[in-house]
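Asks: Below is a structure I'd like to ask you about.
The values are calculated or read from the model by the stated rules, or taken from the named source; none is laboratory data. It should be emphasised that the depicted structure is a prediction, and the values quoted were computed from it without experimental measurement. Please note: Cβ atoms are built from the backbone with ideal geometry, for glycine as well, and neighbour counts cover all protein chains shown.
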């Protein structure tokens, strides 16, 4: 008889939090994440969370739970659903490297949320469907290369939109999130769908509406008319297969009856928006910390950023931004079998929750938890540490990681190359040498901007 089966018979299970502690975790950790918007942020709630530095309180509570119950996973006293918090980097490694079996990425709550706008997306697929769709995603997104196969076209689009944004900034001397977001969505639409989609704000607005609904997972009714309109606009752009866009590669990549190519694209559009938030927050830190901004300016000095460039330091800055302020507030998995954890059993069908703001700012495991440390990505420390998973990890790591880092680093580099940014509004101070806040929204950041005099 297997060890796990014997433990099932003996009913030796992983620790279960008390009802009181479950309520604490729900109130301090889970509810603030859900309220902010898991798939689309709610600005007013983000501002409130920032005011009270909600993620710092969540992190401290998770440390107390780990001290009280052990390394975990820690089951919650939730009726009708087996849920467990993953508390340590070692267990994070096990869950992520053990995906999609025995820890399925197609978690129940995630499926019910993403079905609002991508019912056949790879993130909520399992088994043969997932394998087929993952292959398709990796081919189009050129997962295994730092510079995408369409790097030249991508760099030109990024450069043009950054130049357009900077021209407007030169007139006003200021930059806020609203102006940045408009320019960033133009980049997204051009890279994914082609230049003809540049000004199609309708498709972005439709997707945002669907994401806001999806924030509630199964608790919100489907908006079929909105989804059909979004799919109609999406198919029109994909049908052009415009050269130099991901849509061109969608049309060329081998597909089967399982693939459903059009249902893979919404995730790319959706994921690029929080990537823009990461750029904006990275810009805020660089504006507030000259010691970090200097190497960034040095890296792009004299470069032609309309051509594809590998910018390791700026890539590291974006990764640090996502580590410090995760764009995905919880990584979710479902166990497909009974699993054994340090001599105890966790039943099949358990939803596993990795609360990324707590994990990635855990000073008990990360010496640079509250610092801006791009060097940790350059020397390999962060890559080797399962406390730092800005793009998830393991076999189901984000297939668009390299593409996102290429686009974000080029855009950030274009902003910094000839302009000086001064942070004039932030919900929390980001000054040199002080611990960085654990909650920081992009919506309230504002910059004063001036052109750097050309050296002769």
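Asks: Mind counting the residues in region 89-117 that are in contact with a helix residue (DSSP H, G or I) (Cβ under 7 Å, 6 or more places away or on another chain) and over 22 Å from residue 211 (Cβ atoms)?
Replies: Residues that pass the stated criteria total 6.
Asks: I would also like to ask the following. Could you please let me know if residue 310 is over 23 Å from the mean Cα position of the chain (by Cα), farther than 25 Å from residue 209 by Cβ and surrounded by fewer than 19 Cβ atoms within 10 Å (Cβ to Cβ)? It would help to see each step written out before you state the result.
Replies: Details: over 23 Å from the mean Cα position of the chain (by Cα): no; farther than 25 Å from residue 209 by Cβ: yes; surrounded by fewer than 19 Cβ atoms within 10 Å (Cβ to Cβ): yes.
The answer is no for residue 310.
Asks: Can you tell me how many residues within region 403-426 are surrounded by fewer than 19 Cβ atoms within 10 Å (Cβ to Cβ) and either part of a loop (DSSP other than H, G, I, E, B) or under 22 Å from the mean Cα position of the chain (by Cα) (or both)?
Replies: 1
Asks: What is the number of the single condition among (1) surrounded by fewer than 23 Cβ atoms within 10 Å (Cβ to Cβ); (2) in a helix (DSSP H, G or I) that residue 147 does not meet?
Replies: Result: residue 147 passes all but (2).
Asks: Right, next: Looking at 449, 424, which one is over 30 Å from residue 92 (Cα atoms), touching a strand residue (DSSP E or B) at 6+ places or on another chain (Cβ under 8 Å) and modelled with pLDDT under 95? Don't jump to the end; show me each part of the working.
Replies: Details: 449 fails: modelled with pLDDT under 95.
From the options 449, 424, the qualifying one is 424.
Asks: Here's something else I'd like to know. Right, residue 159: touching a helix residue (DSSP H, G or I) at 6+ places or on another chain (Cβ under 9 Å), under 18 Å from residue 306 (Cβ atoms), touching a residue at least 60 places away in the same chain (Cβ under 8 Å) and not in a helix (DSSP H, G or I) or not? Before you say what the answer is, go through the steps one by one.
Replies: Working: touching a helix residue (DSSP H, G or I) at 6+ places or on another chain (Cβ under 9 Å): yes; under 18 Å from residue 306 (Cβ atoms): yes; touching a residue at least 60 places away in the same chain (Cβ under 8 Å): yes; not in a helix (DSSP H, G or I): no.
It is false that residue 159 is touching a helix residue (DSSP H, G or I) at 6+ places or on another chain (Cβ under 9 Å), under 18 Å from residue 306 (Cβ atoms), touching a residue at least 60 places away in the same chain (Cβ under 8 Å) and not in a helix (DSSP H, G or I).
Asks: Could you list, in sequence order, all residues of region 115-128 that are crowded, with 17+ Cβ neighbours inside 10 Å, part of a helix (DSSP H, G or I) and touching a residue at least 40 places away in the same chain (Cβ under 8 Å)?
Replies: Residues satisfying the conditions are 122, 123.
Asks: Of (1) buried (at least 20 other Cβ atoms within 10 Å of the Cβ); (2) within 20 Å of residue 351 (Cα to Cα); (3) touching a helix residue (DSSP H, G or I) at 6+ places or on another chain (Cβ under 6 Å); (4) at pLDDT 95 or above, residue 77 satisfies all except one. Which?
Replies: Unmet condition: (1).
Asks: Which condition does residue 98 not pass, out of (1) over 19 Å from residue 244 (Cβ atoms); (2) crowded, with 20+ Cβ neighbours inside 10 Å, if it passes all the others?
Replies: Evaluating residue 98 over (1) over 19 Å from residue 244 (Cβ atoms); (2) crowded, with 20+ Cβ neighbours inside 10 Å leaves (2) as the failure.
Asks: Could you list, in sequence order, the residues of region 317-334 that are surrounded by 22 or more Cβ atoms within 10 Å (Cβ to Cβ) and within 15 Å of residue 276 (Cα to Cα)?
Replies: Those that are surrounded by 22 or more Cβ atoms within 10 Å (Cβ to Cβ) and within 15 Å of residue 276 (Cα to Cα): 317, 318, 319, 320, 321, 322, 323, 324, 325, 326.
Asks: Give me the residue from region 276-294 that is in contact (Cβ under 8 Å) with a residue 24 or more places away in the chain and surrounded by fewer than 18 Cβ atoms within 10 Å (Cβ to Cβ) and, out of that set, farthest from residue 164 (Cα to Cα).
Replies: Residues of region 276-294 in contact (Cβ under 8 Å) with a residue 24 or more places away in the chain: 276-293.
Adding the requirement that they be surrounded by fewer than 18 Cβ atoms within 10 Å (Cβ to Cβ) leaves 290-291.
Values: 290: 26, 291: 28 Å.
Of everything passing the filter in region 276-294, 291 is farthest from residue 164 (Cα to Cα).
Asks: Which condition number in (1) more than 23 Å from the chain's Cα centre (by Cα); (2) surrounded by 19 or more Cβ atoms within 10 Å (Cβ to Cβ) is the one that residue 67 fails?
Replies: It fails just one condition, (2).
Asks: Pairs only if they're at least six apart or on different chains, beta carbon under 9 angstrom, first in region 184-213 and in contact (Cβ under 8 Å) with a residue 24 or more places away in the chain and on the phi > 0 side of the Ramachandran plot, second surrounded by 22 or more Cβ atoms within 10 Å (Cβ to Cβ) and outside any helix (DSSP H, G or I); list them, first residue then second.
Replies: 194/245
Asks: Against the conditions (1) outside any helix (DSSP H, G or I); (2) more than 23 Å from residue 443 (Cβ to Cβ), where does residue 112 fall short? Just the number, please.
Replies: Here residue 112 clears every test but (1).
Asks: Right, something else. Yes or no: residue 305 touching a helix residue (DSSP H, G or I) at 6+ places or on another chain (Cβ under 7 Å), over 25 Å from residue 81 (Cβ atoms) and part of a helix (DSSP H, G or I)?
Replies: Values: touching a helix residue (DSSP H, G or I) at 6+ places or on another chain (Cβ under 7 Å): yes; over 25 Å from residue 81 (Cβ atoms): yes; part of a helix (DSSP H, G or I): no.
Spelling it out, it is not the case that residue 305 is touching a helix residue (DSSP H, G or I) at 6+ places or on another chain (Cβ under 7 Å), over 25 Å from residue 81 (Cβ atoms) and part of a helix (DSSP H, G or I).
Asks: Could I ask something else about it? For residue 67, which of the numbered conditions (1) farther than 23 Å from residue 114 by Cβ; (2) out of contact with any helix residue (DSSP H, G or I) (no Cβ under 8 Å at 6 or more places or on another chain); (3) outside any helix (DSSP H, G or I) fails to hold?
Replies: (3)
Asks: Tally up the residues in region 347-383 that are buried (at least 18 other Cβ atoms within 10 Å of the Cβ) and within 20 Å of residue 111 (Cβ to Cβ), please.
Replies: Total meeting the criteria: 7.
Asks: Just one of (1) surrounded by fewer than 19 Cβ atoms within 10 Å (Cβ to Cβ); (2) touching a residue at least 60 places away in the same chain (Cβ under 8 Å); (3) within 24 Å of residue 370 (Cβ to Cβ) trips up residue 46, so point out which.
Replies: With (1) surrounded by fewer than 19 Cβ atoms within 10 Å (Cβ to Cβ); (2) touching a residue at least 60 places away in the same chain (Cβ under 8 Å); (3) within 24 Å of residue 370 (Cβ to Cβ) applied to residue 46, the lone miss is (1).
Asks: Determine, yes or no, whether residue 38 is outside any helix (DSSP H, G or I), closer than 26 Å to residue 276 by Cβ and either touching a helix residue (DSSP H, G or I) at 6+ places or on another chain (Cβ under 9 Å) or at pLDDT 95 or above (or both).
Replies: Numbers: outside any helix (DSSP H, G or I): yes; closer than 26 Å to residue 276 by Cβ: yes; either touching a helix residue (DSSP H, G or I) at 6+ places or on another chain (Cβ under 9 Å) or at pLDDT 95 or above (or both): yes.
For residue 38, the condition - outside any helix (DSSP H, G or I), closer than 26 Å to residue 276 by Cβ and either touching a helix residue (DSSP H, G or I) at 6+ places or on another chain (Cβ under 9 Å) or at pLDDT 95 or above (or both) - is met.
Asks: Can you pull out the residues in region 18-27 that are crowded, with 18+ Cβ neighbours inside 10 Å and in contact with a helix residue (DSSP H, G or I) (Cβ under 8 Å, 6 or more places away or on another chain)? Lay out the reasoning, then the answer.
Replies: In the first step, residues of region 18-27 are kept if they are crowded, with 18+ Cβ neighbours inside 10 Å; the result is 21-22, 25.
Within region 18-27, 21, 25 qualify.
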